[in-house]
Amino acid sequence: MYQYTDFDQQFVKARAAQYRDQLTRNLAGKLADEDFRPLRLQNGWYVQRYAPMLRVAVPYGELNSAQLRVLSQIARDYDTPSSELLARAQSTQDKIGGIDAPKLTVNYGHFTTRQNVQFNWIPLDKSAEVMELLASVNLHGIQTSGNCIRNITSDERAGIAVDEEVDPRPYAEVLRQWSTLHPEFAYLPRKFKIAITGSNEDRAAIAWHDVGLRVLRNDEGEVGFQVLVGGGMGRTPITGTVIREFLPWNQIINYLEAVVRVYNGWGRRDNIYKARIKILVKAEGQRYFDEVEAEYERILESGAHHTIPQVELDRVTACFVMPPVDVVSDEAQEKAEQALLAQARADKEFTRWLQQNVTSHQNPGLRVVTLSFKRLGQAPGDATADQLATAADLADKFSSGEVRVNHDQNLVLPWVRIDQLADLYQAAKAAGFARANVHLLTDMIACPGGDYCALANARSLPIAAAITERYQDLDELFDLGEIDLHISGCINSCGHHHSGHIGILGVDKDGQEWYQVTLGGSDGSFLSGPAKAGKVVGPSFAAAEVVDVVEAILDVYRDKRESGETFARTLNRVGMDDFKAAANAARNTTARAH
Amino acid sequence: MTLQIITQHTADGTNARALANDVDVQTLDLEGLERIDLNFPKFTDGRAFSQAFVLRRRGFTGDIRAHGDVLIDQLLQMQRSGFSSAVLRDDQDAAHGEKLLGLYKRFYQGDAVHATPLFADAS
């Protein structure tokens, strides 16, 4: 992992002090709420449906166990509403009806698709204290919200993926530093998200970002970036366009400075729904590209101050060396593999876990293990204070003290020795993290939705719970194979419904919750094909119908698929019509012609 | 260069020009200008930060002054983007604003005042 320097530490502490000053003035009535709002947002503090929400930045998803323990402490000691608030919130939620809903929960963290961690109940007057606690382990909420360059995300397997061309982490870190408190880009037209991968497989959904970066080698072996610009979800889903096929690695900051500066000047400010860079790129196209290139030239002519020196890349890269995992000897490895095989033959569940939650590593003696936070009784990506602490223990014992928050709202252990897999399985199972459903239907993405979020039009979590409950049978889940099911509670698309093979979007009509279902979306992975938004199957469904609609869609798949064909491929081959018809036939409360 | 915080703007005969925040300052004629007034219609509209940066990059050494919805919490960003003076919104506490300018010793990225980034310090 990146080793934070004294400078980094002092910087985060200065930021916490700055935030405390702002909060103090706000609470004293010297800083008006509307003037404080953008300041708290740029520190990760929202005010949601019932309480503030804190989004903690996890740069490119990497956390160490000490940081996880502080997150656990925050969940335990701060993520607690007063009993009056909780009772009021619960009673308001109970009135919504339409579908059985899990109760609101407290004292937990939530993993997001952008690899961050959120808390839902921390009172605002405790927020400065929490920021200081976070700063003690180099954590913060810098630029996790607001119209600025957001926390940079990456491949969950950065630096360990077998299909990796170039480790993206040093570049992600250099870009983290560049974007942190950039004075010129703190008040952009709209939020600005960057994702970076260095693998053939895109596990970071780069085409769905304002800027997507793929670090690669050209035919001469030189390292550079393919740069995509103008992707994003929301009301107008658009995938990114390539603006540069190959930019030399040391120019990435200079180039992004041009990309963002032109956007700052040209992006629309009159309509929040048209302010993202995707709208600018769509409207101006080549004219925007030309201006970026012209601005980049001016940056070069005026000194190219942010050209990254080799020595700096080397320094940062040195922070990402493999942790001192004991080398597994060939003999020990063979023994471990034999033992795993024997165990797997005896234990079907273990076999499934190995198959679905464990994957290969650049180091043949190691494996990458996903801890599943998708299980009955808890919302997707939620982890209680105790579970966060347990995850920290597992990281220490089995993964050199490191975990990664992934895009699918799970935790990944990046450094697991092959001869410790069986022990890890037992420990993960005891903790409830060993559900063998990674990438399967119930490994769904869901935003917090109308249970917590002020923007939501409908709840996501009761839908997620109903689908999880219906699809508990692992035989059935394995038979259905890998399916991306994504649920968003509103068009802001935090649950990435646009990119789901099956997407579910909460909409509000006449004060009631309705759900639009889309099919055929893709995040850009090999399984899903080139990134694209799904298509709507028909008018929206009532909450209680959604799980039946999903089942009807999956039944069509089972009926139509060819041997070994995934859901995404079948859908692609046979087209939408049969799926649409089945989905619409599953209506029972909404009129067919609704 | 420390930002001059101004609580009351008075005309002083300086050859100044006020620009809207959608003016392209890359091609603006700077000849004879002693001061350029840039505008923040709302403090969350950050276009003038880029205008100031580009003006400094073009070599403008006169005064660049922030007008409009100027709050003390954005002064540091203004200073770093190339502003040399700022006229505060009426309700702002200038003394506290002075303090906020000194919150950080150094930043990661280069800016209009300190062109090179932190990584250039070491190399």
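The values are calculated or read from the model by the stated rules, or taken from the named source; none is laboratory data. Since the structure is predicted, the reported quantities are computational estimates derived from the model, not experimental observations. Cβ sites come from the backbone with ideal geometry, for glycine too, and all protein chains shown count toward neighbours.
A compact table of results
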quantity: Enumeration of residues in segment A:216-248 that are more than 18 Å from A:E291 (Cβ to Cβ), buried (at least 23 other Cβ atoms within 10 Å of the Cβ) and touching a strand residue (DSSP E or B) at 6+ places or on another chain (Cβ under 7 Å); calculated: A:F225, A:G231, A:G232, A:T239
quantity: Out of A:L247, A:L256, sole residue that is in a helix (DSSP H, G or I) and either among the aliphatic types (A, V, I, L, M) or free of Cβ contacts under 8 Å to residues at least 60 places away in the same chain (or both); calculated: A:L256
quantity: Residue within segment B:50-67 that is surrounded by fewer than 18 Cβ atoms within 10 Å (Cβ to Cβ), among the hydroxyl-bearing types (S, T, Y) and at the interface with chain A (Cβ under 8 Å from one of its Cβ atoms) present; calculated: no
quantity: Hits in segment B:101-120 - residues which are more than 25 Å from B:G62 (Cβ to Cβ) and in contact (Cβ under 8 Å) with a residue 12 or more places away in the chain; calculated: B:L103, B:Y104, B:R106, B:L118
quantity: Single condition A:I491 does not satisfy, out of (1) closer than 21 Å to A:G381 by Cβ; (2) over 20 Å from the mean Cα position of the chain (by Cα); (3) buried (at least 19 other Cβ atoms within 10 Å of the Cβ); calculated: (2)
quantity: Index of the failed condition, A:Y78 passing every other in (1) within 30 Å of A:M322 (Cα to Cα); (2) within 26 Å of the chain's Cα centre (by Cα); (3) not small (G, A, S); calculated: (1)
quantity: In segment A:183-204, residue nearest to the chain's Cα centre (by Cα) [restricted to those that are assigned to a loop (DSSP other than H, G, I, E, B) and among the aliphatic types (A, V, I, L, M)]; calculated: A:A204
quantity: Test result for B:S81, closer than 29 Å to A:E295 by Cα, in contact with a Lys or Arg (Cβ under 9 Å, 6 or more places away or on another chain) and surrounded by fewer than 23 Cβ atoms within 10 Å (Cβ to Cβ); calculated: no
quantity: Cross-chain or 6+ apart pairs with Cβ under 7 Å, segment B:72-95 first and at the interface with another protein chain (Cβ under 8 Å from one of its Cβ atoms) and over 12 Å from B:N39 (Cα atoms), then in a helix (DSSP H, G or I) and of a type outside the set (F, W, Y); calculated: B:D73/A:Q22; B:D73/A:L39; B:D73/B:L100; B:L76/B:L100; B:S81/B:A52; B:D93/B:I72
quantity: Candidate set from segment B:108-123 (those that are aliphatic (A, V, I, L, M) and more than 15 Å from B:A48 (Cα to Cα)); member that is nearest to the other protein chains (Cβ to nearest Cβ); calculated: B:A115
quantity: Single match in A:A391, A:A383, A:A395 (criterion: outside any helix (DSSP H, G or I) and buried (at least 24 other Cβ atoms within 10 Å of the Cβ)); calculated: A:A383
quantity: Number of positions in segment A:21-48 that are over 28 Å from the mean Cα position of the chain (by Cα) and at negative phi; calculated: 14
quantity: Single unsatisfied condition, A:M322 versus (1) over 31 Å from the mean Cα position of the chain (by Cα); (2) not in a helix (DSSP H, G or I); (3) not charged (D, E, K, R); calculated: (1)
quantity: Residue match in segment A:104-112 (condition: over 30 Å from A:V547 (Cα atoms) and within 24 Å of the chain's Cα centre (by Cα)); calculated: no
quantity: Unique match (being away from chain B (no Cβ under 13 Å), in contact with a strand residue (DSSP E or B) (Cβ under 7 Å, 6 or more places away or on another chain) and farther than 23 Å from A:N254 by Cα) among A:A161, A:A207, A:A195, A:A172; calculated: A:A161
quantity: Filter result for B:K105 (more than 7 Å from chain A (Cβ to nearest Cβ) and modelled with pLDDT under 95); calculated: yes
quantity: Residues being touching a residue at least 24 places away in the same chain (Cβ under 8 Å) and surrounded by fewer than 17 Cβ atoms within 10 Å (Cβ to Cβ) - total across segment A:550-575; calculated: 4
quantity: Meets criteria (hydrophobic (A, V, I, L, M, F, W, C), closer than 20 Å to A:E291 by Cα and more than 11 Å from the chain's Cα centre (by Cα)) for B:L28; calculated: yes
